[in-house]
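The values are calculated or read from the model by the stated rules, or taken from the named source; none is laboratory data. Everything numeric in this text was worked out from a predicted model, so none of it was measured. As a convention, Cβ positions derive from the backbone with ideal geometry for all residues, glycine included, and neighbour counts pool all protein chains shown. For accessibility, only protein heavy atoms count, side chains too; no ligands or nucleic acids. Shrake-Rupley method; radii C 1.70, N 1.55, O 1.52, S 1.80 Å.
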Amino acid sequence: MTNKQYSREEYISLINDTLYSFVELTGGEEDMVSNAMLYSLKNGGKRVRPMLVLEFCRACGGDVEAALPLACAIEMIHTYSLIHDDLPCMDDDDFRRGMPSCHKQFGEATALLAGDGLLTLAFSVASSAKLDSSIVVKAVKLLADCAGHLGMIGGQTMDLQHEGQDITLEQLRKTDALKTGRLIRAACVLGCLAADADSEKINAAVAYAENIGLAFQIVDDLLDITSTVEELGKPIGSDKENEKSTYPALLGFERSKEYVDELTQDAVDSLGVFAREGGFLADFAQKLAKRNK
């Protein structure tokens, strides 16, 4: 029997309602950091990662609502990384999605703690999933591995080290596979784990994730050149200002656009094992490739 198909809007509503409910306001002095956490969680976002968790779970025949804590956990980790990315010691951005960055709204110390709070809360939330305990353990370990020093944080470290340097395409790909791609990969695999999917489907999810993850980063690089502050919701030209190597700089603008199309097609092609249940994911990959913010 085919599982209920959700629209993107239904997914976003489900994710947001659940996500915000996990941040408790007590009326005490600690609400300063709780409000900063909620501010950043509520500051827009496409909910790409949690949506991938839920849709891969659904496509594998799992219970979407049971996977919600895993979806919310990965969005908390993503949001914490953005709070820290915007800090003056990192990318030093004053705006995020058209609103003041967390540190501009609440101060640097509170923003730092808000990021720490979301990272910590993510693991509490993930561990609360009503799934078999062995699946929960695998999911928590996957989140930790993908977000840690050999995953996203490792990629962010490499990104900072490469500023002002001429690096190769292979170095850039490796950096982005960790910095951006690793959490996207985690999201896709988490959905499969939540549905107790077989290795064939997990491998297909990994292939899909690696392709859309790289395409996502290339589109980001392109938008940093072509978009406006109003469309993007944050300063443009920051890659050039921070002397970062980008795909347009290494490959040229047109070749970078072609590369996005190739990666997106490879992602779609990897979904054959899901048959008709892969339709949402194929459309999702295409929409990510054509996004303007």
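Can you tell me which residue is nearest to L193 (Cα to Cα) among those in the range 22-37 that are part of a helix (DSSP H, G or I) and in contact with a helix residue (DSSP H, G or I) (Cβ under 7 Å, 6 or more places away or on another chain)? Among them, the one singled out is M37. Filtering the range 1-16 to residues that are among the β-branched types (V, I, T) and at pLDDT 95 or above leaves I12, I15. If you go through the range 122-136 and keep only what is assigned to a helix (DSSP H, G or I) and under 25 Å from L41 (Cα atoms), you end up with A122, F123, S124, V125, A126, S127, V136.
Residue under question is T226, and the condition is that it be at pLDDT below 95 and open to solvent by less than 70 Å² (accessible area, probe 1.4 Å); does it hold? In short, no. For the range 80-133, the candidate set comprises residues that are of a type in the set (D, E) and either under 18 Å from the mean Cα position of the chain (by Cα) or at pLDDT below 95 (or both); within that set, the residue that is surrounded by the fewest Cβ atoms within 10 Å (Cβ to Cβ) is D94.
R291 satisfies every condition listed in (1) crowded, with 20+ Cβ neighbours inside 10 Å; (2) modelled with pLDDT under 95; (3) not hydroxyl-bearing (S, T, Y) except (1).
Only one of the numbered conditions (1) in contact with a Leu (Cβ under 6 Å, 6 or more places away or on another chain); (2) without any contact (Cβ under 8 Å) to a residue 12 or more places away in the chain; (3) among the β-branched types (V, I, T) is violated by T26, and that is (1).
Restricting L19, L68, L41 to those that are under 20 Å from C192 (Cα atoms), in contact with a helix residue (DSSP H, G or I) (Cβ under 7 Å, 6 or more places away or on another chain), modelled with pLDDT of 95 or more and open to solvent by less than 20 Å² (accessible area, probe 1.4 Å) reduces the list to L68. Taking the range 38-69 as the range and being over 19 Å from the mean Cα position of the chain (by Cα), outside any loop (DSSP other than H, G, I, E, B) and of a type in the set (D, E) as the test, only E65 passes. Scan the range 143-172 for residues that are open to solvent by less than 40 Å² (accessible area, probe 1.4 Å), under 15 Å from V189 (Cβ atoms), part of a helix (DSSP H, G or I) and out of contact with any Cys (no Cβ under 9 Å at 6 or more places or on another chain) and the total you get is 3. Note on the range 231-252: among residues that are open to solvent by 40 Å² or more (accessible area, probe 1.4 Å) and more than 20 Å from Q171 (Cβ to Cβ), the one that is modelled with the lowest pLDDT is K234.
Applying a threshold of 6 Å to beta carbon distances and a minimum spacing of six or more residues, or different chains, the list of pairs starting in the range 31-53 at a residue that is hydroxyl-bearing (S, T, Y) and ending at one that is not in a helix (DSSP H, G or I) reads S34/V23; S34/L25. Being small (G, A, S), more than 15 Å from the chain's Cα centre (by Cα) and closer than 25 Å to L281 by Cα holds for only one residue in S21, S7, S34, and it is S7.
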